[in-house]
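Input: a single structure, listed below in structure tokens.
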Amino acid sequence: MLRVGLTGGIGSGKSTVSAQLTSLGAVVIDADAVAREVVEPGTPALGAIADRFGPEVLTSDGVLDRPALGRLVFGDAAALRDLEAITHPAIWARTSELMAAVPPGRVMVHDMPLLVEKQMAADYHLVVVVGVGEAIRVRRLVDLRGMSEHDARARIAAQASDEQRRAAADVWLDNEGTTEALRAAVLRLWHERIEPFDLNLTHGIRSRLSHPTISAPDPTWPAQAARLLARIRHAVGDVALTLDHIGSTAVPGLVAKDVIDLQVGVASLADADAPEFVTAMAAAGFVRAEGDWHDNGKDGTSWPKRFHGSCDPGRVAHVHVREVGSPGWSWALMFRDWLRADPSERASYACMKTDLAAKAGSIEHYVNGKEPWFDAADQRARTWAESTAWVPPIGRA
């Protein structure tokens, strides 16, 4: 089941996106609705809230008086922690029930306002953020919700910043225009990315580039890699001893195929062959590619590895699983760091790739065509490593 996390700041227009995704066939689980449900009259959570904060947080009908409760916890960190200790277990238990009830073949969208604040992005296959500048959000809150400007700005300031949301976003839906423009963007997202992503995930299909096209450097490549690595960590846990962004997209300023290469370091390839690892990776959207995968070793041998690919049609990603300390694992890190450190070698590699991509008729021809350059560059990279006392940077992407 494809899991999409949907978020956005107060006044961003997230509800419009949520409603349209529902109309397109997604099952939307609304975190705010769940939060209201678990504190309805007669629920254990509401009783605990009244015990902790007093009867003044209830109306005469026994309903939670949200403004009264808000005044007690806003700005009081200890009170807020107490409230969350009551409500969060109930919210997550109910959310788990709703997620488990999503029918097979349906896309699940979790409409979660605090997704970024709670650092939950790795829980989803795709995170969609509805983004709007602060000035527009303030105006909407004042005009449409009757807030004072002071209260609107205070609510916005208490949430994640746009910078934090962009770091978490696989998709940024700009909602500074018309509602019609936003709905058109959601429709494109559904048909061009969400539906094919769901199909690939269901059938274990990895996304691939059709041609070896070289792209200009994208400053967002490292952030995209960080999100993917977080999902892998969430999926396989400590079996992944190291997680690194490697390859050309990990070298600032270097042209590259628009493919994120990642390296997962394991203690033994037997760990990577374990059914639990393969299943967890596939469930997270990284399917195992069958066959005998290896690197062409620079010592005349083959360096074995395992290979997974992302199911996301909007983000082709390759996951190379190698044993920590093995020649292939070390070489991938050394090559990346060498290119980061040496502008002339970086330029040489860029020229070779650009020329080769223009001539290669397929991805396979392009990949195989780079091998002679790698073979010739190996000694230069090793000389640099020795002269700089380079060691594999474990724990640093």
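The values are calculated or read from the model by the stated rules, or taken from the named source; none is laboratory data. Here the structure is a predicted model, which means the values were calculated and not measured. We place every Cβ from the backbone using ideal geometry, glycine too, and count neighbours over all the protein chains shown. For accessibility, only protein heavy atoms count, side chains too; no ligands or nucleic acids. Shrake-Rupley method; radii C 1.70, N 1.55, O 1.52, S 1.80 Å.
So, in segment 318-341, how many residues would count as being under 21 Å from residue 384 (Cα atoms) and open to solvent by 40 Å² or more (accessible area, probe 1.4 Å)?
Looking only at that region, the number is 4.
Among all residue pairs at least 6 apart or on different chains, which show Cβ distances below 7 Å where the first residue, located in segment 127-149, is among the aliphatic types (A, V, I, L, M) and the second is loosely packed, with under 13 Cβ neighbours inside 10 Å and in a helix (DSSP H, G or I)?
Close Cβ pairs satisfying both conditions: 138/149; 142/149.
Which residue out of 354, 383 is surrounded by fewer than 19 Cβ atoms within 10 Å (Cβ to Cβ) and either more than 30 Å from the chain's Cα centre (by Cα) or charged (D, E, K, R) (or both)?
383
If you check residue 374 against the conditions, is it within 25 Å of residue 216 (Cβ to Cβ), surrounded by 14 or more Cβ atoms within 10 Å (Cβ to Cβ), at pLDDT below 95 and of a type in the set (Phe, Trp, Tyr)?
Judged against the criteria, residue 374 is a match.
Could you go through segment 318-337 and let me know if any residue there is over 31 Å from the mean Cα position of the chain (by Cα) and small (Gly, Ala, Ser).
no
Scanning for something of a type in the set (Asp, Glu), in contact with a helix residue (DSSP H, G or I) (Cβ under 8 Å, 6 or more places away or on another chain) and within 30 Å of residue 185 (Cβ to Cβ), does segment 99-115 turn up at least one residue?
Yes, segment 99-115 contains a residue that is of a type in the set (Asp, Glu), in contact with a helix residue (DSSP H, G or I) (Cβ under 8 Å, 6 or more places away or on another chain) and within 30 Å of residue 185 (Cβ to Cβ).
Mind checking whether some residue in segment 88-95 is part of a helix (DSSP H, G or I), open to solvent by less than 20 Å² (accessible area, probe 1.4 Å) and either touching a residue at least 60 places away in the same chain (Cβ under 8 Å) or at negative phi (or both)?
The answer is yes, given that some residue of segment 88-95 is part of a helix (DSSP H, G or I), open to solvent by less than 20 Å² (accessible area, probe 1.4 Å) and either touching a residue at least 60 places away in the same chain (Cβ under 8 Å) or at negative phi (or both).
Within segment 249-291, can you find the residues that are at positive phi and open to solvent by 30 Å² or more (accessible area, probe 1.4 Å)?
Passing the criteria: 253, 291.
Within segment 64-118, how many residues are farther than 24 Å from residue 20 by Cα and either of a type in the set (Phe, Trp, Tyr) or in contact with a Lys or Arg (Cβ under 8 Å, 6 or more places away or on another chain) (or both)?
Count: 5.
In this structure, is residue 337 in a loop (DSSP other than H, G, I, E, B) and at pLDDT 95 or above?
No.
Out of all the residues in segment 206-248, which are among the polar types (S, T, N, Q), more than 18 Å from residue 289 (Cβ to Cβ) and surrounded by fewer than 16 Cβ atoms within 10 Å (Cβ to Cβ)?
Matches in segment 206-248: 213, 215, 220.
What are the residues in segment 295-317 that are of a type outside the set (A, V, I, L, M, F, W, C), touching a Gly at 6+ places or on another chain (Cβ under 8 Å), crowded, with 21+ Cβ neighbours inside 10 Å and in a strand (DSSP E or B), if any?
Passing the criteria: only 310.
List every residue pair whose Cβ atoms sit under 6 Å apart, with the two residues 6 or more apart in sequence or on different chains, where the first one lies in segment 265-288 and is acidic (Asp, Glu) and the second, anywhere, is assigned to a helix (DSSP H, G or I).
271/239
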